[in-house]
Amino acid sequence: MSNIDFIFEEKAADIGNFLVGRLLPFRQKRNIGPFVFIDHMGPAHMTADENLDVGPHPHIGLSTLTFLFEGAVAHKDSLGNDIVIKPGAVNWMTAGKGVVHSERTPDYLRTVDKTMHGLQIWIALPKHLEDMEPNFVHIEAKDLPVWQENNLDFKLIAGEFEDKKSGVPVYSKLYMIEIKANETQTVHLKDRLYGESGLYILEGSIKHQDTEFGEKHILITKDAHLCEFEISAGSTIYLFGGEPFPEERFIYWNFVSSSREVIEEAKLKWQAQEFPKVPGETDFVPLPVDSFKKS
């Protein structure tokens with residue numbers, strides 16, 4: 001990956017009863033293409049008395065992508081969807097003008113020991129679609145494009161890469177690609193990516209220009225088409241990025257918008273409990289007094 005602009009190490013963040021590793025945003029870099037927020041969840045080993053319980057909370061102006069490595073999450077939303085996401089599948093929820101959802105440990109795992117591990121990602125919507133109607137799509141693992149190049153296993157989780165396209169219905173030009181290495185070798189992606197690009201090392205390591213980077217590091221470049229690096233055997237990495245938007249995105253709590261005024265309106269609307277309800281959920285998550293994600 002040539003011309004690396006930023007190198008960051010995963011930083012800890014608390015989301016209630018769960019500690020995650022925050023990959024994006026950073027003060028120096030607020031987005032990578034349309035990607036505005038990435039959390040690495042776990043791996044968290046929970047006892048029979050510990051469960052994930054993120055009560056109903058709102059979103060606007062974005063799509064959320066949940067991708068698990070281990071465990072399971074029960075997703076419920078104000079559109080009436082009620083589904084359990086399992087490793088390798090993709091939950092894609094587009095908030096648009098407003099949606100509410102909850103994320104909990106499924107009933108069948110609540111009284112046993114379990115592990116939770118995965119990625120949660122926010123992708124900003126183009127300005128002209130920020131107020132679109134919300135929708136939800138679940139893509140099973142078997143339906144994602146997979147292929148091999150030399151001894152590398154590729155999976156296209158979302159977006160487009162050359163002649164391949166994921167079934168996840170994205171709204172801008174982007175990609176999220178998983179690469180697993182069966183042996184140490186050079187990854188040649190020069191002139192194959194576009195826009196800005198981030199590379200996250202989940203496990204193993206990569207080497208670029210004689211410098212080695214280990215797991216939990218994220219490398220960011222504004223020149224994605226120059227991407228080349230060496231990957232060590234047994235490594236798993238994620239490439240994500242795409243064409244950035246011309247307008248800045250403001251983030252407060254779970255709200256993303258190109259307009260500060262829209263975010264202020266969403267805050268008032270949530271406080272007045274005027275967002276749609278999630279069937280079967282009665283909890284109310286109050287608006288944070290001072291969110292860690294500033295608008």
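Please treat every number below as a calculation from the coordinates, not as lab data. Since the structure is predicted, the reported quantities are computational estimates derived from the model, not experimental observations. Note: ideal-geometry Cβ built from the backbone for every residue, glycine included; neighbour counts use all protein chains shown.
With R₀ fixed at 22 Å, the C-beta to C-beta distance from Glu70 to Phe284 puts the FRET efficiency at about 0.15.
Across the chain, Cα-Cα pairs more than 33 Å apart make up 20 percent of the total. Here the dipole of region 154-295 is about 240 debye; that uses its Cα centre as origin and unit charges on the Cβ of Lys and Arg (positive) and Asp and Glu (negative).
Could you tell me how many degrees, from 0 to 90 and to the nearest 10, lie between the Cα long axis of helix 260-271 and the main elongation axis, the longest principal axis, of the Cα atoms of the chain? Around 50 degrees separate the two axes. Subtracting the Cα-Cα distance of Asp53 and Asp210 from 0.36 nm times their residue separation leaves 52.2 nm of extension gain.
Sequence-ordered 3J(HN,Hα) estimates for region 88-95 from the Karplus curve with 6.51, -1.76 and 1.60 and θ = phi - 60° stand at x, 7, 10, 9, 10, 10, 9, 7 Hz, glycine and proline given as x. Dividing the helix sum by the residues of the chain, where each DSSP H run of 4 or more adds -39500 (n - 2.57), gives a mean residue ellipticity at 222 nm of -1500 deg cm²/dmol. Between Leu79 and Val100, the built amide H atoms are under 5 Å apart, and every one of these is 5 or more places off in sequence or on another chain. Under the convention that each Lys and Arg Cβ holds +1 and each Asp and Glu Cβ holds -1, the size of the dipole of region 122-209 around its Cα centre is about 200 debye.
Derived scalar couplings between HN and Hα for region 123-140 equal 10, 5, 8, x, 3, 6, 10, 4, 10, 6, 5, x, 7, 9, 9, 10, 10, 6 Hz in order, rounded to whole Hz, by the Karplus curve 6.51 cos²θ - 1.76 cosθ + 1.60 (θ = phi - 60°), x for Gly and Pro. Considering only His75, Ala44, Ile179, the residue lying farthest towards the positive end of the dipole of the chain is His75, judged by Cα position with unit charges set on Cβ. Net charge in the neighbourhood of Val100 (other residues with Cβ under 15 Å of its Cβ; Lys, Arg +1, Asp, Glu -1) is -1.
Under a model in which nothing but the beta-carbon of Lys, Arg (+1) and Asp, Glu (-1) is charged, the chain shows a dipole of about 420 debye around its Cα centre. Charge tally for His138 (other residues, Cβ to Cβ under 12 Å; Lys, Arg +1; Asp, Glu -1): -3.
Relative contact order for the chain: 21 percent, from Cα pairs under 8 Å spaced at least 6 residues apart, divided by residue count. Neighbours of His208, meaning other residues whose beta-carbon lies under 9 angstrom from its beta-carbon, give a summed charge of -3 when Lys and Arg score +1 and Asp and Glu score -1.
Listed values for region 180-188 are Karplus-derived 3J(HN,Hα) couplings in whole Hz (6.51 cos²θ - 1.76 cosθ + 1.60, θ = phi - 60°), namely 10, 9, 8, 8, 5, 6, 8, 9, 9, and x replaces Gly and Pro.
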